[in-house]
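The values are calculated or read from the model by the stated rules, or taken from the named source; none is laboratory data. Given the structure is predicted, the values throughout are model-derived calculations rather than measurements. Positions of Cβ are backbone-derived with ideal geometry, glycine not excepted, and every protein chain shown enters the neighbour counts.
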Amino acid sequence: MSELAFREPSFLVDAIRIARKDLLIEFRTRSGFLSAAVFALLSLAIFRFSWDPTAVTSVDLAPGVLWVIFTFAGLLGLNRSFNVEQVDRAMDALLASPVSREAVFAGKALGNLVFVVAVQLLALPTLALFFGLRVGPEWWGVLAVAVLAAVGFVAVGTLFAAVASNTRLAEMLLPMLALPFFVPVLIPAAQATSSLLAGRPLSEVLPELKILGAFDIVFVAACTLAFPFTLEE
Amino acid sequence: MTTASAIKARSASVRRLPPVDWLVLLAVLAVGGVFARAMLFTPADATLGAVQRLFYVHVPAAILGMYVACSVMAIAGGVYLWIKDDRLDRIAESAAEVGFVFLTVVLVTGSIWGKASWGTYWAWEPRLTSALFLWFLVLSYLVLRDAIENREARARLSAVLGVLALLLVPFIHMTVYLFRGLHPEPIVLKPEKPSMSPEMLSTFGLAMLAFTLLFFALIRLRYQWATARDARVDVEQA
């Protein structure tokens, strides 16, 4: 017991433990995932009826639909990640524990990343099914773009979920704060997806992948450093 | 006792705010003078015609609103997180609000100019798009400030947004350039000689000076107002 109480704080272990806690709550209640998944599937179906297949081909429409749905389904999940901690002021207990604030952020972001990728894994095959897209090896490229975009998306989104949870408007503010930051993720991701679905090789979307990679590095680092400032002293 | 006297001194300074701010008045006169010069004494562009005169508003507003205001907002916010001085937060707040007005001027004049020379009020062109997203960014900064009652939390959280916004701007520029552009290349600040007549260049120089004066006069006024507001809150809560 004593070695548990006086253990050295380890960033990665703490982060994984917090992510595990969040995902366990999510797995037991399924409230966030269910609403995000149903939202994604319903919007895919609704988009199908707002679309005239004789005017726009499905390959041209699909990337835009996919990224709009990822964005809003992801926002649903991000809002939940700090609401969980407000019940019974659980956040205070988390901050009182011998875990660094950066590790709290990394844990929260990791949990959100699993959440967002799970929604993507559900939405991608549904998109192929509803929009009658050809399924081939190019989908591995699309999945890689989706995961690369999800990392930056989740880093920025988790930080602003923490900011928004401290305001009067709470979850209503999150889209307004986060969406401008999603622009450099969404534009290259949607362009890369449309090139890949059109049968272009992965080497042709390298500029987009580079921007996504640079965004991930800069904003994962910046948001981890900025997170302690979003908490009350 | 000391805080009470400090509050008394500050509330006294609130009453001393003059009814007319002489610096703003001077700046408005200077801008009026530049308008007269641009409309009456500077030749119109041979190909673009009279609409080119928007240049003397559009470009200074863009430089001040996009580059100066956003940098001040972000840097004052970043230093605030470090030394926690309320004055820095008021500077960031004032720069953001004045910058928002200037950015709105950029979008409106750009739209009118676009209609005259491209035939459309709005084109999804890289520079327009990045100006629009910058406008949204500053707007969300102001909405965030409005949504937090506590002064310390408002300063801290909005500073986080301001600093991250500074990191975001290069990425927005990079991504919007994945599309092709209609906007002219820089005309004044290019390495070779500026491609303008000397009269146009001197009018532009004067316009830049006048708008810079207006920009800082408005920030100063807005800063004084923020100081008075905070002092009033202190008096009410004392």
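If I ask for residues that are loosely packed, with under 10 Cβ neighbours inside 10 Å and modelled with pLDDT under 80, which ones from segment A:1-37 would you list?
Within segment A:1-37, A:M1, A:S2, A:E3, A:L4, A:A5, A:F6, A:E8 qualify.
Among the residues of segment B:23-33, are any touching a residue at least 60 places away in the same chain (Cβ under 8 Å), more than 26 Å from B:S202 (Cβ to Cβ) and not basic (K, R)? Spell out the reasoning first.
Looking only at segment B:23-33, we keep the residues that are touching a residue at least 60 places away in the same chain (Cβ under 8 Å), and these are B:23-24, B:26-28, B:30-31, B:33.
Going one step further and asking which of them are more than 26 Å from B:S202 (Cβ to Cβ), we end up with none.
No, there is no match, as no residue in segment B:23-33 is touching a residue at least 60 places away in the same chain (Cβ under 8 Å), more than 26 Å from B:S202 (Cβ to Cβ) and not basic (K, R).
For segment A:196-222, how many residues are at pLDDT 90 or above, surrounded by fewer than 23 Cβ atoms within 10 Å (Cβ to Cβ) and not aliphatic (A, V, I, L, M)?
3
Testing B:T47 on (1) touching a residue at least 40 places away in the same chain (Cβ under 8 Å); (2) surrounded by fewer than 21 Cβ atoms within 10 Å (Cβ to Cβ), one condition comes back false. Which one is that?
(1)
For segment A:204-222, indicate whether the set of residues that are in a helix (DSSP H, G or I), more than 10 Å from every other protein chain (Cβ to nearest Cβ) and closer than 30 Å to B:N150 by Cα is non-empty.
Yes, there is a match, as at least one residue in segment A:204-222 is in a helix (DSSP H, G or I), more than 10 Å from every other protein chain (Cβ to nearest Cβ) and closer than 30 Å to B:N150 by Cα.
Filter segment B:80-113 down to the residues that are touching an Asp or Glu at 6+ places or on another chain (Cβ under 8 Å) and either modelled with pLDDT of 95 or more or surrounded by 18 or more Cβ atoms within 10 Å (Cβ to Cβ) (or both) and list them by number.
Across segment B:80-113, the qualifying residues are B:Y80, B:R90.
Please enumerate the residues belonging to segment A:49-63 that are modelled with pLDDT under 80 and within 26 Å of the chain's Cα centre (by Cα).
The answer is none; no residue qualifies.
Conditions (1) more than 30 Å from A:S58 (Cα to Cα); (2) at pLDDT 95 or above, marked per residue:
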site	(1), (2)
A:L133	no, no
A:E138	no, no
A:V151	no, yes
A:V163	yes, no
A:N166	yes, no
A:L173	yes, no
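Exactly one of these conditions fails for B:P60: (1) free of Cβ contacts under 8 Å to residues at least 24 places away in the same chain; (2) surrounded by 18 or more Cβ atoms within 10 Å (Cβ to Cβ). Give me its number.
(1)
Pull up segment B:1-48, narrow it to residues that are charged (D, E, K, R) and assigned to a helix (DSSP H, G or I), then point me to the one that is modelled with the highest pLDDT.
Taking segment B:1-48 and keeping what is charged (D, E, K, R), we get B:8, B:10, B:15-16, B:21, B:37, B:45.
Now restrict to residues that are assigned to a helix (DSSP H, G or I): B:8, B:10, B:15, B:37.
Working: B:K8: 64, B:R10: 59, B:R15: 57, B:R37: 88.
It comes out as B:R37.
Any idea which residue in segment B:195-210 is farthest from B:G33 (Cα to Cα), counting only those that are polar (S, T, N, Q) and not in a helix (DSSP H, G or I)? Show your work before the answer.
So in segment B:195-210, the residues polar (S, T, N, Q) come out as B:195, B:197, B:202-203.
So of that shortlist, the ones also not in a helix (DSSP H, G or I) come out as B:195, B:197.
Values: B:S195: 24, B:S197: 20 Å.
Only one residue tops the list, namely B:S195.
Consider B:A116 carefully, then state whether it is hydrophobic (A, V, I, L, M, F, W, C) and modelled with pLDDT of 95 or more.
On the way: hydrophobic (A, V, I, L, M, F, W, C): yes; modelled with pLDDT of 95 or more: no.
Criteria not met by B:A116.
List pairs: first residue in segment B:144-170 and surrounded by fewer than 19 Cβ atoms within 10 Å (Cβ to Cβ), second residue of a type in the set (F, W, Y) anywhere in the structure, Cβ distance under 9 angstrom, at least six positions apart or on different chains.
Partner pairs satisfying both residue conditions: B:L167/A:F219.
Taking interchain pairs and intrachain pairs at least six residues apart, which have beta carbon atoms under 6 angstrom, with the first residue in segment A:155-175 and more than 8 Å from chain B (Cβ to nearest Cβ) and of a type in the set (S, T, N, Q) and the second part of a helix (DSSP H, G or I) and buried (at least 18 other Cβ atoms within 10 Å of the Cβ)?
A:T158/A:K108; A:T158/A:A109; A:T158/A:N112; A:S165/A:F82
Find the helices (runs of 4 or more DSSP H) located wholly in segment A:1-115 whose residues include 1 or more that are basic (K, R) and without any contact (Cβ under 8 Å) to a residue 24 or more places away in the chain, and list them.
Working: elements: A:2-5, A:11-29, A:31-49, A:58-86, A:90-96.
Hits in segment A:1-115: A:11-29.
Only one of these is facing another protein chain (nearest Cβ under 10 Å) and either touching a Pro at 6+ places or on another chain (Cβ under 6 Å) or modelled with pLDDT under 90 (or both): B:V176, B:V188, B:V138, B:V143. Name it. Don't jump to the end; show me each part of the working.
Working: B:V188 fails: facing another protein chain (nearest Cβ under 10 Å); B:V138 fails: either touching a Pro at 6+ places or on another chain (Cβ under 6 Å) or modelled with pLDDT under 90 (or both); B:V143 fails: either touching a Pro at 6+ places or on another chain (Cβ under 6 Å) or modelled with pLDDT under 90 (or both).
Sole residue among the options that is facing another protein chain (nearest Cβ under 10 Å) and either touching a Pro at 6+ places or on another chain (Cβ under 6 Å) or modelled with pLDDT under 90 (or both): B:V176.
Give segment A:127-166 a look and list any residue that's crowded, with 23+ Cβ neighbours inside 10 Å and closer than 17 Å to A:T230 by Cβ, or say none.
Matches in segment A:127-166: A:V154, A:A155, A:V156, A:G157, A:T158, A:L159, A:F160, A:A161, A:A162, A:V163, A:A164.
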